[in-house]
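Engineer: Dropping the structure in here first, questions after.
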Amino acid sequence: MNQVGFPVLSLITWLPLVGVGVILCVRGDEETVASNARWTALWTSLIVLAVSLVLWADWDPRNPGFQFVENVPWLPEFGVGYRMGVDGISVLFVLLSTLLTPICILASWDTITRYVREYMIAFLILETMMVGMFCALDFIIFYIFFEGVLIPMFLIIGVWGGPRRVYSAFKFFLYTLTGSVLLLIGLIGMWIYAGTTDIPTLLHTRFPVGMQTWLFLAFFASFAVKVPMWPVHTWLPDAHVEAPTAGSVILAGVLLKMGGYGFIRFSFQMLPQASAELAPLMFTLSVVAVVYTAYVALAQEDMKKLIAYSSVAHMGIVTIGIFTFNVQGMQGALFTMLSHGIVSAALFLIVGVIYDRLHTREISRYGGLADNMPLYAFAFMVFALASVGLPGTSGFIGEFLVTIGALHVNFWLALLGGMGLILGPMYTLYLYRRVIFGRLTKLDLRSMRDLTPREVAIFAPLLVITIWMGAYPTSFSRFWDATVSDMIAQHRQAMAAPPAPAVQLARFVR
């Protein structure tokens, strides 16, 4: 069935639901149920993480195609099947999802005190949906998981969020669902044309140029919201501000990567001519996101909003890299997505630490925390410097490669896209200086304790990965090197080939 002899991807995908079943069977008083739910969710997510490391240990870096493939007929008369597999791009996003889930559960250990069982169930279901989406090799299966993510995330924001949680949850849901309707229409169009929803088959199907343009716009409506790109990014700051800390972590760490993954897997690979034709549009929106949202972030007084707007700027760098159509740009986009998944998640956890102690996110309420919280100041420093792209950290590699890739396209694209390296330190170091440095004059700040052992356990793996990616990037890039090179070669071959006959489009319309 695959390299390890058993359906490891299905096990990783569905194992969290076993934990859900165990939690549902727990009986006792409220405190007992809550404690058992926490421990069950934590152990389930750790087991899933351990199983997912099989992908890391047994990966063949020379193979550019899909590995650990599973294929079970589901609706063969419609060309639909339960198909699972990962390539060099999706495998690391599976590992990112399984890493951040136990971290989120630990981060919620003391802060979530009501409906604890339901909260843990929502997170385990969310893990199943995230992993399943990155593993799916059938467009229908992908769409089910892609949309299924919305339900637990909607509940996490709407039930356990802040004062405006209902407004933010509905805004998040409606923005993402509206774009996904057009994604579904595009999916149906592909199925009518190709007669299958098998993703590897669709990757090698030549769609007419006119059809590609409409399909690209349909996919853009969904993936641009998920990234999110300017100007459809306005749901993100509200969702982050109102979501609980763990909700913000998983939203920034994994859910924003769904849009970038969609652009790579479907827009870039399946629609090469339309991608090249509409690349100037993508560059324009991305540059606006990098520059505009950086200045908006600089004006924020809420720490979560500042980090949320910085995420929009970082994802703008990602979309620039994807549509450069060269190896350096794509490598940089993948590095930036992976680094952002770790660093942005850590920054939201950093905010959550002091919010749990003082119950405010206003930057002006803090200052001088280096005096009584040195461990916290150190962790904050590392993640802040990684966010601004300091050499030696994970953030530098991606932005450097994207800039090189953009230079191959246009000098002005590289200059404007590279503004993130200049504007990023402005708002990030501004935040760090106001929170960490200065005189410790406020009485309530003096009594704040440093990181607890549980919080140290949360930050330790994120710190290690942040430095590891910066110091030894080839240990991560080896997963996608062959895949990226093959993708770029296929894109250039598709651009050089004669277009698909227009008569096939007429058959599609009929």
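Engineer: Just to be sure, is residue 298 of a type outside the set (Gly, Ala, Ser), surrounded by fewer than 19 Cβ atoms within 10 Å (Cβ to Cβ) and either within 19 Å of residue 224 (Cβ to Cβ) or in contact (Cβ under 8 Å) with a residue 40 or more places away in the chain (or both)?
Structural biologist: yes
Residues are listed down the side, and each one gets a yes or a no for (1) within 19 Å of the chain's Cα centre (by Cα); (2) surrounded by fewer than 24 Cβ atoms within 10 Å (Cβ to Cβ); (3) part of a helix (DSSP H, G or I):
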site	(1), (2), (3)
221	yes, yes, yes
232	yes, yes, no
241	yes, yes, yes
249	yes, no, yes
254	yes, no, yes
258	yes, yes, yes
262	yes, yes, yes
281	no, yes, yes
290	yes, no, yes
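Engineer: Moving on to the next point. Restricting attention to the range 377-410, and to residues there that are of a type in the set (Phe, Trp, Tyr) and surrounded by fewer than 24 Cβ atoms within 10 Å (Cβ to Cβ), which single residue is farthest from residue 346 (Cα to Cα)?
Structural biologist: If we filter the range 377-410 for residues that are of a type in the set (Phe, Trp, Tyr), which is where we start, we get 378, 380, 383, 396, 400.
Applying the additional criterion that residues be surrounded by fewer than 24 Cβ atoms within 10 Å (Cβ to Cβ) yields 378, 396, 400.
Values: 378: 13, 396: 17, 400: 22 Å.
Among them, the one singled out is 400.
Engineer: I need every pair where a residue in the range 16-27 that is at pLDDT below 90 has its Cβ under 8 Å from the Cβ of a residue that is part of a helix (DSSP H, G or I) and acidic (Asp, Glu), sequence separation at least 6 or different chains.
Structural biologist: The qualifying pairs do not exist here.
Engineer: If you don't mind, another one. Using beta carbons and a limit of 7 Å, which pairs, at least six apart or on different chains, have the first residue in the range 380-408 and touching a residue at least 60 places away in the same chain (Cβ under 8 Å) and more than 23 Å from residue 461 (Cα to Cα) and the second one of a type in the set (Val, Ile, Thr) and in a helix (DSSP H, G or I)?
Structural biologist: Matching pairs, first to second residue: 402/317; 402/320; 402/336; 406/320.
Engineer: I'd like the residue in the range 54-68 that is in contact with a helix residue (DSSP H, G or I) (Cβ under 6 Å, 6 or more places away or on another chain) and in a helix (DSSP H, G or I) and, out of all such residues, is farthest from residue 199 (Cα to Cα).
Structural biologist: 54
Engineer: Just to be sure before I move on: is residue 390 within 24 Å of residue 434 (Cβ to Cβ), hydrophobic (A, V, I, L, M, F, W, C) and over 26 Å from the mean Cα position of the chain (by Cα) in the structure I sent? Don't jump to the end; show me each part of the working.
Structural biologist: Numbers: within 24 Å of residue 434 (Cβ to Cβ): yes; hydrophobic (A, V, I, L, M, F, W, C): yes; over 26 Å from the mean Cα position of the chain (by Cα): no.
Against the criterion (within 24 Å of residue 434 (Cβ to Cβ), hydrophobic (A, V, I, L, M, F, W, C) and over 26 Å from the mean Cα position of the chain (by Cα)), residue 390 does not qualify.
Residue by residue, here is whether (1) over 17 Å from residue 314 (Cα atoms); (2) in contact with a Cys (Cβ under 8 Å, 6 or more places away or on another chain); (3) among the aromatic types (Phe, Trp, Tyr) holds:
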residue	(1), (2), (3)
400	no, no, yes
420	no, no, no
426	no, no, no
434	yes, no, no
446	yes, no, no
477	yes, no, no
484	yes, no, no
490	yes, no, no
494	yes, no, no
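Engineer: Restricting the range 409-451 to residues that are hydroxyl-bearing (Ser, Thr, Tyr) and assigned to a helix (DSSP H, G or I), which is nearest to residue 391 (Cα to Cα)?
Structural biologist: 428
Engineer: May I ask you to say which residue of 283, 335 is modelled with pLDDT of 90 or more and either under 26 Å from residue 128 (Cα atoms) or in contact with a strand residue (DSSP E or B) (Cβ under 8 Å, 6 or more places away or on another chain) (or both)?
Structural biologist: Step by step, each of 283, 335 is checked, and only 335 is modelled with pLDDT of 90 or more and either under 26 Å from residue 128 (Cα atoms) or in contact with a strand residue (DSSP E or B) (Cβ under 8 Å, 6 or more places away or on another chain) (or both).
The values are calculated or read from the model by the stated rules, or taken from the named source; none is laboratory data. No experiment lies behind these values; they were computed from the predicted model shown. All Cβ positions, even for glycine, are placed from backbone atoms using ideal geometry, and neighbour counts span all protein chains on display.
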